[in-house]
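Report on the structure given below.
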Amino acid sequence: MGIPQQGRPKEEIFAALQRFKARDLDWESGRVWAYVYNPGSEIRQVVNQAYTMFLTENALDPTVFPSLLKLETEVVRMVAELLQGDEQVVGHLTTGGTESNMLAVKTARDWARAHRSEVSQPEMVLPITAHASFHKAAHYLCVKPVVVGINPHTFQVEPEAMRAAITPNTILLVASAPNWSQGVVDPIPEIAAIAREHGLLFHVDACVGGFYLSFLRKMGYPVPDFDFSVPGVTSISADLHKYGYAAKGASTILYRNRDLRRYQMFACAETTAYTLINPTMLSTKSGGPMAGAWAVLNYLGEEGFFHIVRTVHEATQRLIAGIHDIPGLRVLGEPAMCLFSFTSDTLHVFQLADAMARRGWYIQAQPSTPFTPRSLHISVNYGNAHQVDALLQDLRESVEEVRQATPIDTENIRAMVAWALQSPDPMAAFRQLMGTVGIQGTELPEELALINEILDILPDHLADALLIEYFNELYV
Ligand SMILES: *Cc1c(COP(=O)(O)O)cnc(C)c1O
């Protein structure tokens with residue numbers, strides 16, 4: 001396919017774009033319980049208008065677009081205050097939680113290079129519940145991830161386990177407020193105390209929780225301490241494009257002070273082109289997400305967020321109670337906000353996810369680990385809070401359906417995986433195996449239970465390699 005020789009009429013363009021969405025999940029109806037954070041069409045409209053107003057402006061050079069400097073610093077000041085930082089706390093807007101977390105690791109690495117010359121191979125200590133973006137940071141930045149187990153009942157990391165993993169090469173501790181998988185907050189004050197004792201930096205990943213937990217706290221709900229009010233917390237990430245309800249491409253990374261933030265930045269005068277100074281990862285960067293974020297914070301105000309959080313919180317409590325009442329299902333741990341996971345000791349939860357998908361719902365499958373059973377994850381947001389009863393109704397039906405269905409033959413799949421592992425070319429054997437369960441070439445799979453089963457049984461590094469093979473074929 002080449003670029004069409006002659007341009008196409010704009011009606012045709014928009015009709016085609018609309019058609020491309022035909023197989024997408026219908027998020028507007030509130031049947032998607034991840035990926036989308038919908039504050040309702042009126043607020044979305046305000047965000048969209050602000051976004052398109054600044055779509056073309058380029059944050060690469062604040063001297064050319066002072067508007068973007070103002071937008072960014074105002075949003076960062078609002079978030080810093082929300083996270084109980086003082087005027088020393090500084091930060092930046094980034095394109096997402098992954099970038100924020102990667103920058104926190106990059107800053108720690110370069111801070112250590114400047115202040116800890118004895119460190120030969122930098123390490124960061126993180127719980128197994130920490131987001132994959134830290135492993136991505138480790139991979140990109142050559143920092144060794146030292147993964148610590150968790151308490152299998154509370155799903156929190158034990159501070160003493162973090163302490164035990166510290167070595168002379170440790171430069172950074174990481175914990176979550178909350179983690180994505182079970183929605184529980186790690187013991188931040190205890191870990192912060194350990195960080196201070198050892199003179200270490202400590203990053204709190206509040207990508208999903210930063211806004212929601214802060215508003216809960218302000219409304220008087222009990223919320224564990226997780227932000228800059230805790231001495232020893234040196235950086236925090238908080239996503240605007242999750243429970244800040246901004247448009248996608250907006251997150252924040254905040255540091256305790258400028259002395260630390262300095263190590264995030266990159267400047268380069270060694271080329272024939274313009275002198276470059278990038279505080280974050282991107283260089284050319286649209287003003288759209290910044291304006292969308294600024295608009296939503298100002299349009300909703302605290303009271304608007306209180307209303308949203310209260311609605312979502314009540315819906316979550318009802319949903320959790322409803323799931324507990326379905327025989328065979330149980331919610332894991334004590335979720336701090338509006339995301340949680342549930343499992344079953346008698347039912348195959350990946351089949352349950354497929355049964356829900358056939359009824360038009362998306363809920364996210366989570367593989368097992370030595371500390372967590374396989375589970376299904378649910379994130380409630382303002383756009384799906386009204387669907388709690390309908391979700392519970394279909395969940396009850398789906399549980400019955402899966403109970404009566406032929407169970408997945410886990411033993412047989414284990415045997416096939418073992419066979420593939422022993423073949424002379426394991427990757428080819430796995431590709432063949434995945435082909436038989438509907439994942440090959442450029443086709444997207446319809447049912448995911450078998451695929452999830454195989455991925456869950458495989459050793460992590462092989463599952464990673466297989467997924468890369470698949471995507472390498474999928475995108476032509
Ligand atoms: C979503 C999330 C991230 C990553 O954010 P992206 O915006 O998807 O890059 C990191 N940490 C936690 C806890 C998250 O929930």
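The values are calculated or read from the model by the stated rules, or taken from the named source; none is laboratory data. All values derive from a computational prediction rather than experimental measurement. Every residue, glycine among them, receives a Cβ derived from its backbone with ideal geometry; neighbour counts consider all protein chains shown.
List every residue pair whose Cβ atoms lie under 7 Å apart, where the two residues are 6 or more positions apart in sequence or sit on different chains, the first residue falls within the range 315-343 and is closer than 14 Å to TYR212 by Cα, and the second residue, located anywhere, is in a helix (DSSP H, G or I) and within 15 Å of the ligand (Cβ to nearest atom).
If the second residue must be in a helix (DSSP H, G or I) and within 15 Å of the ligand (Cβ to nearest atom), the pairs left are ALA336/LEU213; MET337/TYR212; MET337/LEU213; CYS338/TYR212.
Could you tell me whether ARG163 is among the basic types (Lys, Arg), within 23 Å of the chain's Cα centre (by Cα) and more than 16 Å from the ligand (Cβ to nearest atom)?
Criteria not met by ARG163.
Consider only pairs whose beta carbons are under 6 Å apart and that are at least six residues apart or on different chains; among these, list those whose first residue lies in the range 61-82 and is farther than 18 Å from MET281 by Cβ and whose second residue is of a type in the set (Phe, Trp, Tyr) and surrounded by 14 or more Cβ atoms within 10 Å (Cβ to Cβ).
These pairs meet every condition: LEU71/TRP294.
Would the range 38-55 turn up any residue that is surrounded by fewer than 20 Cβ atoms within 10 Å (Cβ to Cβ) and farther than 30 Å from HIS307 by Cβ?
Checking the range 38-55: not a single residue is surrounded by fewer than 20 Cβ atoms within 10 Å (Cβ to Cβ) and farther than 30 Å from HIS307 by Cβ.
Which members of the range 216-241 meet the condition of being touching a residue at least 40 places away in the same chain (Cβ under 8 Å) and crowded, with 24+ Cβ neighbours inside 10 Å?
The answer is PHE226, ASP227, VAL233, SER235, ILE236, SER237, ALA238, ASP239, LEU240.
Quick one: count up the residues across the range 200-237 that are assigned to a loop (DSSP other than H, G, I, E, B), of a type in the set (A, V, I, L, M) and either more than 15 Å from the ligand (Cβ to nearest atom) or touching a strand residue (DSSP E or B) at 6+ places or on another chain (Cβ under 6 Å) (or both).
Residues in the range 200-237 being assigned to a loop (DSSP other than H, G, I, E, B), of a type in the set (A, V, I, L, M) and either more than 15 Å from the ligand (Cβ to nearest atom) or touching a strand residue (DSSP E or B) at 6+ places or on another chain (Cβ under 6 Å) (or both): 6 in total.
Can you confirm whether ALA50 is part of a helix (DSSP H, G or I), under 30 Å from LEU141 (Cα atoms), in contact (Cβ under 8 Å) with a residue 24 or more places away in the chain and more than 16 Å from the ligand (Cβ to nearest atom)?
Against the criterion (part of a helix (DSSP H, G or I), under 30 Å from LEU141 (Cα atoms), in contact (Cβ under 8 Å) with a residue 24 or more places away in the chain and more than 16 Å from the ligand (Cβ to nearest atom)), ALA50 does not qualify.
Looking at the range 182-189, can you tell me whether even one residue there is under 20 Å from THR107 (Cβ atoms) and either at pLDDT 95 or above or more than 16 Å from the ligand (Cβ to nearest atom) (or both)?
Looking for residues that are under 20 Å from THR107 (Cβ atoms) and either at pLDDT 95 or above or more than 16 Å from the ligand (Cβ to nearest atom) (or both), one finds at least one in the range 182-189, hence yes.
Does GLY328 fit the bill of being more than 22 Å from the chain's Cα centre (by Cα) and either at pLDDT 95 or above or within 16 Å of the ligand (Cβ to nearest atom) (or both)?
So GLY328 fits the description; yes.
Just wondering, is there one or more residues in the range 392-404 that are assigned to a strand (DSSP E or B) and crowded, with 16+ Cβ neighbours inside 10 Å?
There is no residue in the range 392-404 that is assigned to a strand (DSSP E or B) and crowded, with 16+ Cβ neighbours inside 10 Å.
Does LEU319 count as over 30 Å from VAL349 (Cβ atoms) and either in the same structural domain as PRO231 (by TED's automatic domain parsing) or part of a helix (DSSP H, G or I) (or both)?
No.
Does GLU190 satisfy the condition of being out of contact with any strand residue (DSSP E or B) (no Cβ under 8 Å at 6 or more places or on another chain), surrounded by fewer than 24 Cβ atoms within 10 Å (Cβ to Cβ), in contact (Cβ under 8 Å) with a residue 12 or more places away in the chain and among the charged types (D, E, K, R)?
Spelling it out, GLU190 is indeed out of contact with any strand residue (DSSP E or B) (no Cβ under 8 Å at 6 or more places or on another chain), surrounded by fewer than 24 Cβ atoms within 10 Å (Cβ to Cβ), in contact (Cβ under 8 Å) with a residue 12 or more places away in the chain and among the charged types (D, E, K, R).
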